[in-house]
Amino acid sequence: MSADEKIVQVCDGLNMLHEDNSIPRNIRRSAEEVKETLLNQKNPLDVRIATASSRLDEMANDPNIPLHGRTLIWNIMSRLEEIA
């Protein structure tokens, strides 16, 4: 599987987070921002992945996120690590 295909999978996961109304609004907004970061072709792939991973880690450590949201974030992070 190519890096582009994995990024598409990651973006699908971020969309799931963004559309889940049981997840706090700030986390949903951050998910959309992480997706925009990953899809921004101006920056090198490794920089986009590092930035996204850092942001996802902050999101996962938010005390207000429900357990299923945190699990989804961890799954997204593991997909990103496969690309890096």
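Each residue in region 4-35 was checked for being surrounded by 12 or more Cβ atoms within 10 Å (Cβ to Cβ) and either over 20 Å from residue 64 (Cβ atoms) or in contact with a strand residue (DSSP E or B) (Cβ under 7 Å, 6 or more places away or on another chain) (or both), and 9 pass. Evaluate the following for residue 27: is it under 14 Å from residue 11 (Cβ atoms) and touching a residue at least 12 places away in the same chain (Cβ under 8 Å)? No. Please indicate, with yes or no, whether at least one residue in region 14-26 is within 16 Å of residue 81 (Cβ to Cβ) and not hydroxyl-bearing (Ser, Thr, Tyr). Looking for residues that are within 16 Å of residue 81 (Cβ to Cβ) and not hydroxyl-bearing (Ser, Thr, Tyr), one finds at least one in region 14-26, hence yes.
Take region 28-41 and flag every residue that is more than 15 Å from residue 80 (Cα to Cα) and at pLDDT 95 or above. Within region 28-41, 28, 29, 30, 32, 33 meet the criteria.
The values are calculated or read from the model by the stated rules, or taken from the named source; none is laboratory data. Quick caveat, the model's predicted, so the values are computed rather than measured. Every residue, glycine as well, gets a Cβ built from its backbone with ideal geometry; the counts of neighbours run over all protein chains shown.
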